[in-house]
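Beneath this line is the structure, given in C-alpha cells, with notes to follow.
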Amino acid sequence: MKKFINTLREIWKYPSAVFGMIIVLALLVAAVVVVVKIPYSEAIDTWRGGEEVYGKNPRNVPPTWYNWFRKDKLVESLDMNEGDEGVTIEEIVTEGGTPIKTTTFEFDFQYDTFPQDLVFYFTSTFDTKQPFVSVKIFTPDEREIKVGSFAIGATHTYPLKQDEKLRKKLGGVVPNIGIFIQENDETQTPVKGIYRLVVESITFEEGSTVQSEFVLTGQVFGWAGTDHLRRDLSLPLLWGIPVAMAFGLLAAIGTSVLTMAIAAIGTWYGGIVDGIIQRITEINLVLPFLSILIMIGTFYSRSIWVILGATIALSIFTGGIKSYRSMFIQVKESTYIEAARAYGAKNGRIIFRYLIPRVIPLLLPGLVSAVPSFVFLEASLALLGIGDPVLPTWGKMINDAYANAAIYRGWYYWILEPAVLLMITGLGFASLGFALDRIFNPRLRGM
Amino acid sequence: MAEKTLLRVEDLKLYFQTSHGDVQAVDGVNFSLPENKAVVVIGESGCGKTSMAKALLRLLPRNAGTYSGKVLLNGVDIMAMDDEQYRKDVRWVKMSMVPQAAMNSLNPVMRVKDQVSEPMIVHSAVSKEFALEQARIMFQRVGVPVDFLNRYAFELSGGMRQRVAIAMSLVTVPELVILDEPTSALDVLTQANIMNLLKGIKKEFATSFILITHDVATASEIADYVEVMYAGQIVEFGDAYRFFTEPLHPYSEKLMASIPRLRSTSKLDFITGQPPSLINPPTGCRFADRCHKRFAKCSEEPPTVNIDGRSVKCWLYQ
C-alpha cells in the first residue's frame, strides 16, 4: 500500500503521466457508467433497430455543436408532440355536431439553411369512418400555405418533402425549401421568424380521436450526429469505450502475464523446454499476425471474444518472450536464487516467488503501453470488415463511414469522432506507460 | 570420548564441461568430520573450495560433467538419493549453506523475515505464523534487531545481511552448515563479531561447520580441523592446532608463511607462479612446479600419508 502511494507520488512528478492517468481513469469510469446505464442487450437492440427507433432522426447529419463554429446556422431537429411547449390545442364542435380539433405547432426558425424534411405523424382511433385532417402553414412573412387535406388511417405519416401537389403549389420548389423562402427568391435565403403549422382534424364518430406529431428533421442532430441509417452515433461512441477498454486491457494483461510466465518457465528449466519455447516464438514471429486474424474472422467466427482469444494466443510468443528471457537469465544466476535452490525451494516456488516478482516492475509499463495497440487492433479489424457484427464499436463506426464514402461526401464527423477517441485513448495509455517506464525502469531513472 | 563421525566424503569428484575439455574442479576429495566440529577449508582462489561445497549440497551448474563419489551423512549415502529425495531430506534439513557473497543471497523483493522463514515453509508443514516466530527467535540469536524484520535486504548493512544469511541457514537447525567465505567482504571488527557468533552457535546448536575462507587468521579462531585444498585436491587435512604450529605440506608451509604475525620480524613469503590449469592438470604432484622442496619423485602421483591422525598428500613423508 505504501509502495503504491509512493508510486502515485512519483507519477505526480510527471505532468504527462498525470494527464495520461486522468484520461485512463476517465475512460474506465465512462466504460463502467456506459455499461450500467445502457445495458448490453439494450444497446444491441437499439443499434440494430430500424425506422421505428431512428425514423424521426435526420439522415447523415453532423452533431449540433457544428453550429458553434458556423456563421450560417444549420437547422436543429425538432420533435413536437401534443402537450409539448409550442403546441396549442383547440377543440370546437360545429353546428352540425362535428367535432374539430385544431392543433397548432409553433416554432421559432432562426437558421440559415433548410431542414431535411417536415413530417407529420398522425395516429387516430375510429371504427369505420376515417378522420380527416387538413394542414396549413403560416409563415413569418405572412404567407398562408395550404398544404393538404386528406383522410388518415390508424397511423399515417405525411412527409411534406414528397408531396408533389405541394411542390407545384410552391412553384416547383421542393417543399422543405419552398416553405421557408419567399416566392421567386433566387438567393434562396430562409425567412426567419415564427412559423405556425395548423392541423385541423375532423372526426366523424363518437369517441374517434386524432393525435398529431410534427417532426422537423434538421441539418444537425445530437452531440454525435447520425449515420446513413439515421442512427444516433452517440451510441457506438459510448459503447465503443467499454468494448475498447475490455479488449485492450484483457489482451494486454493476458499477453503480458502469460508471456512473462512462459519466459520464466522456459528460462528456469532451460534445455529442451527453453528450446521449444524459443523455436515457437521464432516461428510465430514470422507468421503474419493480421492475416491469421483475418482468416479466423472470415472463416471461423467474428465474435469479439474469439478474436480476443486469438489475439492473446498469437501475441504470447512474440518479442516479449525474448526480452523477458534476457532478464530472467540474469536473475536466474543471482546468488539468492541459488540460495533458494540450496534450501530446497521447488521449481514452481522459485519461478513464481523469486524470478517473476523481480521482473514485475518492468511488466507494468509494458502492459500499460500495450493497451492502445490492442485497442487499435480491434479498430483495424473492424475497419477491415471483420469486427464483431453485433457490437457497436469505434472501429465499426469507421468501417460504416468508409463503406458510405464519408470523407468523399464531407461527413467528416463520422470518421473523426471515433478516430479522436481512439487517439485520446492511445495518448492516455502511452503517456502513462512512458512515465511508468521511467519510474520502474532503473536504467531510465534520473534521465 | 569417542567422536561420532558426521560426514564422510570418499573420492568426491565434480568436473565441469567446457569447450576446452573437462575442468576437474573437485578431483577425488576424501575427508571425514566428527560431530560438532568445525573444519576450515583454505586455499587459493580457483582451487575448488566452493565447487566442493556445491558438490556436497548438489548445487550443480548446468555444465556439470562427472559427479561421483560417496558422501555419507550420518552413515547415509546422500549421493545415492534421487533429486527429489535429496531436496526433501538433505537440503537445509541436514545440511545448509551460507553462500558466497551472502549479501547477495537474499531475495531483493522479499522482506528479510519472510526470507528467513522461507526454508521452514518450504520444508515442513508449519504455519506461516510459527515460521515467522522462529525467524524472530533466530534473529535475536544472531543479533539482528527485531525491528529489522520488516526490512528488505538492501536496507541492511553488510554485517547485518551476513547475520540474516546465517540466521537463514540455521532456522531448520541442520547438523552441518557450510559457510562459503562468510567474512570476506566485511571489516575486521564485523569479522570478529561474526566469528564469535559462529562459535556461540556451534556450542549452542551442536552444529558442525565447513568454513571456506582465504583468511587463515580469522578462521583459526573457530577451526577444529584444517583442510588445505590445491588444484581440486586436498593436500593436507588435520587437527587445527598442530596445523597452525607446524604445517606439513610445502604448500601449507608457504601459505602460513604468507600470513603476517603479530610478534615476528620475518619477511612475508609468497608463492611464485599460478595454480595449474584444472583442464589438464600436471601429472604427479600438482604443486610440484611451484614447490620449493621439489625432488625427482614429484613427477609421480603422490600418496596420501597418515601422520598421527593428520593426512598429507606429499612424497616428502613417504
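Taken together, the values in this text are just the output of simple stated rules run on the coordinates, not laboratory data. Since this is a predicted model, take the numbers as computed values, not measurements. Here the Cβ positions follow ideal geometry from the backbone for every residue, glycine too, while neighbour counts run over all protein chains shown.
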Self-check item: Modelled FRET efficiency - R0 56 Å, A:Asn347 with A:Val53, Cβ distances, 0.05 increments
Solution: 0.45
Quiz prompt | Kirkwood Rh, Cα atoms: Rg over Rh of segment B:179-318 | solution = 0.99
Self-check item: Three-way shape label, segment A:13-79, alpha-carbon gyration tensor, a/c 1.5
Solution: oblate
Quiz prompt | 10 Å Cβ shell holding at most 11 others, DSSP loop, chymotrypsin sites (Phe, Trp or Tyr not before Pro): longest site-free stretch of chain B | solution = B:1-269
Quiz item: Which distance in nm do the two modelled labels at A:Val191 and A:Leu287 give, with both placed 7 Å along the Cα-to-Cβ direction?
Solution: 7.1 nm
Self-check item: B:Glu44 versus A:Glu333: modelled label distance in nm, points set 7 Å from Cα along the beta carbon direction
Solution: 2.4 nm
Practice problem: Tell me what chain A gives for mean residue ellipticity at 222 nm when only DSSP H runs of n ≥ 4 count, each as -39,500 (n - 2.57), the sum divided by the residue total, rounded to 500 deg cm²/dmol. | Solution: -16000 deg cm²/dmol
Self-check item: Extension reserve of the A:Phe204-A:Tyr408 stretch, reckoned as 0.36 nm per residue once the Cα distance is removed
Solution: 68.2 nm
Self-check item: At R0 = 35 Å, FRET efficiency that the Cβ-Cβ distance of B:Glu10 and B:Arg62 yields, to 0.05
Solution: 0.85
Quiz item: Structure shown: which of B:Lys13/B:Lys37; A:Lys332/B:Lys4; A:Lys346/B:Lys13; B:Lys37/B:Lys267 lie over 31 Å apart, alpha-carbon to alpha-carbon?
Solution: A:Lys332/B:Lys4; B:Lys37/B:Lys267
Self-check item: Surface/4 of the Cα convex hull for segment A:1-51, nm²
Solution: 5.4 nm²
Quiz prompt | segment B:1-100, dipole about Cα centre (Lys/Arg Cβ +1, Asp/Glu Cβ -1), debye to the nearest 20 | solution = 260 debye
Quiz prompt | Lys/Arg +1, Asp/Glu -1 at C-beta; the protein assembly as shown dipole; positive extreme among B:Thr272, A:Val53, A:Val174 | solution = B:Thr272
Practice problem: Please state, to two decimals, what the Cα-based radius of gyration of the protein assembly as shown comes to when divided by 2.2 N^0.38 Å (N = residues). | Solution: 1.60
Quiz item: What nm distance separates the two modelled labels at B:Lys128 and B:Glu3, each placed 7 Å from Cα along Cα→Cβ?
Solution: 4.4 nm
Exercise. Assign one of three labels to segment A:129-253, namely rounded, prolate or oblate, based on the Cα gyration tensor with a ≥ b ≥ c the square roots of its eigenvalues; rounded applies when a/c is under 1.5, prolate when it is not and a/b is larger than b/c, and oblate otherwise.
Key: oblate
Quiz item: Relative contact order of chain A: what whole-number percent is it, with Cα pairs under 8 angstrom and at least 6 residues apart?
Solution: 21 percent
Quiz item: What FRET efficiency comes out for the pair B:Glu246/A:Glu10, r = Cβ-Cβ distance, R0 = 51 Å, nearest 0.05?
Solution: 0.20
Quiz item: What is chain B by shape, rounded, prolate or oblate, if you read a ≥ b ≥ c off the alpha carbon gyration tensor as root eigenvalues and call it rounded for a/c under 1.5, prolate for a/b larger than b/c, and oblate otherwise?
Solution: prolate
Exercise. Calculate the all-directions average of the projected area of chain A's alpha-carbon convex hull, and give it in nm².
Key: 31.3 nm²
Quiz item: Under unit Cβ charges (Lys, Arg +1; Asp, Glu -1), what dipole magnitude, rounded to 20 debye, does segment A:59-147 have relative to its Cα centre?
Solution: 400 debye
Self-check item: Extreme residue, positive dipole direction of chain A, given options A:Thr155, A:Ser201, A:Thr125 (C-beta unit charges)
Solution: A:Thr155
Quiz item: Under unit Cβ charges (Lys, Arg +1; Asp, Glu -1), what dipole magnitude, rounded to 20 debye, does segment A:9-109 have relative to its Cα centre?
Solution: 1060 debye
